[in-house]
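Report on one structure; see the data block that follows.
Values quoted throughout were computed directly from the atomic coordinates according to the rules given, and no laboratory measurement underlies them. Predicted model, so just to flag it, every value in this text is computed and none were measured. Every residue, glycine as well, gets a Cβ built from its backbone with ideal geometry; the counts of neighbours run over all protein chains shown.
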Amino acid sequence: MDKIGVHTATQAKESLLLELSKFVSEKKPMFADFRFEASEGTYAEAINGNSKSAGKDYGIALGVRVFAGKEMVAGGFAGTSLGPSHVGKEKDALKKLLEEAEKKARINSEEKYARKEGARGIYSTKLAAMPQIKAEKTKKFTKTPLDANIEDFVKRSEGISKETAKIAGVATNAITIVSALTRKIYGNSEGSLIEQTRAITEPSIYIAAKGKAQETYHEWLCDAKGLEVLEGDNPHKKTLEDFAEFIAKGTVELSNAPAMKPQKNVAVVTDPWFNTLVSHEVCGHPLEADRALKRETAWAGRAWWFNNLEDNLRGKSIGSEEMTVASDPGMGGYGNYDFDDEGVAGKRVLNIKKGVLCEFMNSRETSLILGEAPNGHMRAHSASAMPLIRMSTTYFEKGSWKHEELIEDTKDGYYIVGEKTPSIGESRQNFNITCWKAYKIENGEIGQLYRQAGVEANSNEYFKTLEAADDVKIYNVPNCGKGTPMQTMRLSNGGPHMRGIANVTGKR
């Protein structure tokens, strides 16, 4: 393991680009690219005050795409995880993968032509023109994950778990600490060569509480930074110790609260933490161009506002004037990056402006289909996986209210705090998202706490009632699933406090 680390990627990049150039000169594909990444990190987990697992680990992965064909161009992908035996021989692995991907592209091209479905629309395989890029980027962090001490992680996770177990009402707890550094190399047949490095620190808390009822909650305290995340440099602005206590005491309190009874067509004031899941599930995924075009529809993947290229709601109102949604790779957190996995610079996208559907997150291929400029949202969770269109930081922008005013102006409604579990309609036209806590609002004041609550609505009807405050907050999502086979991606979402009309779910 000594010879494997993030430096492995830097050492391999020139030989990989030369091997790609050799392949291109021999096979003459329309386009080809590769991604090579190396990572190393430290982890520890404790349950009820006892260490469960700990270690240091590394990973190396390589993936390629080749676009080729005679009558019609089609794409082929190949990827794999590598090990110590491949270090210094990365170009040999690249050669094999390029040959495999090229063979798949040729077969796909023949199949595509035989079906006569490649001439237009979602079957296009043209790529938007992009300039050659040479760049090296490192996301800033204060304390490198490479300095993480496994003994310290074990001691800290055990200590926090022991203290959490002492809180009255906590039945079970689990504390996990993870921190890693990853370096990714991207190269393509157009001569681009991009190196990107970033850190992640990703502790999580699981609590099972037993009061008058049983309640569980699991949440991350994560960010695209180094070990400083553990000391409070994160969206929740809490140390890991303080966050564990906050989640534990809050879940115990919840276990002693009465269960929510379902309420129809009531005012709901949702906090930025809850809106993380709303912006993610109800807005973000159907704003990914491959889902609008029905190229990837796993896990409720279609988009209700886009039936096809002729029948869609682009340029039309789908929400209130207080509803503006953007996707911005330039914002901090997990959704932050300079270049996507096609070597395209990440650009801010105004998806919905004052309720009007505008632009999708796209790739070099789908941007041409939709008549948009490429905005750099093609990403994979590993170099060994095929890139898909993924959110960067998709969030609700600020509105005209102060968040206190939204609550004070609500005579009869509910205050919804914290995200929990989503249930989404197949085209995302309907949703049911449960929350951590729900409070009754009466005459502008927050009152009784309830458990087992959530928000349910028709997306379009809900969007048209939205009012937004000016206190935008962004949270990080480490477990966004998409694709077949499934890829788990890190990204960011959020927004301000918002108010709308919806059903509040509960226990019947």
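Remarks
- Label-point separation in nm, K354 to D242, each point 7 Å along Cα→Cβ: 4.0 nm
- Antiparallel beta bridges, as assigned by DSSP with both residues in the chain, represent about 90 percent of the total such bridges.
- Stretching Q214 away from A373 to a fully extended chain increases their span by 52.2 nm, per 0.36 nm per residue minus the current alpha-carbon distance.
- Over 20 Å apart at the Cα level, from the set K70/K104; K264/K353; K137/K473; K22/K95; K140/K398; K13/K126, are K264/K353; K137/K473; K140/K398; K13/K126.
- Reachable lysines from K52, criterion Cα separation under 22 angstrom, eight or more residues apart if same chain: K155, K162, K166
- Looking at region 1-53, none of the chymotrypsin sites (Phe, Trp or Tyr not before Pro) sits in a DSSP loop with at most 12 other Cβ atoms within 10 Å of its own Cβ.
- Based on DSSP H segments of at least four residues, each scored -39500 (n - 2.57), the chain has a per-residue ellipticity at 222 nm of -6500 deg cm²/dmol.
- Farthest positive-ward along region 7-194 dipole, Cα basis, beta-carbon charges - from A32, L98, V178: A32
- Total charge dipole magnitude, region 263-505, about the Cα centre, Cβ charges on Lys, Arg, Asp, Glu only, Debye to nearest 20: 460 debye
- The alpha carbons of region 37-166 occupy a box of 68, 35, 30 Å along the principal axes, longest dimension given first.
- Segment D409-S21, extension gain: residue separation times 0.36 nm, minus the distance between their alpha carbons: 133.3 nm
- Cα-centre dipole for the chain with unit charges at Cβ (Lys and Arg positive, Asp and Glu negative), debye to 20: 1140 debye
- About the centre of its Cα atoms, region 1-60 shows a dipole size close to 140 debye [charges on the beta carbon of Lys, Arg (+1) and Asp, Glu (-1) only; nearest 20 debye].
- DSSP bridge orientation in region 7-194 - percent antiparallel, rounded to nearest 5: 95 percent
- Gain upon complete extension [S423, T10; 0.36 nm per residue less C-alpha separation]: 144.5 nm
- Loop GluC sites (Glu not before Pro), region 1-72, which have at most 14 other Cβ atoms in a 10 Å radius of their Cβ (DSSP): E71
- Each of T394, S382, G418 was scored by the projection of its Cα onto the charge dipole of region 334-452, and the greatest displacement toward the positive side belongs to S382; charges sit on the C-beta of Lys, Arg, Asp and Glu.
- The chain: Cα Rg divided by the 2.2 N^0.38 Å rule of thumb: 1.02
- Extreme residue, positive dipole direction of region 263-505, given options V472, T297, G319 (C-beta unit charges): T297
- Under 19 Å from a label point set 7 Å out along the Cα-to-Cβ vector of K28, the amide N atoms of region 175-214 belong to 189-191.
- Stokes-Einstein D for region 263-505, Kirkwood Rh over Cα pairs, 20 °C, 1.002 mPa s (µm²/s): 120 µm²/s
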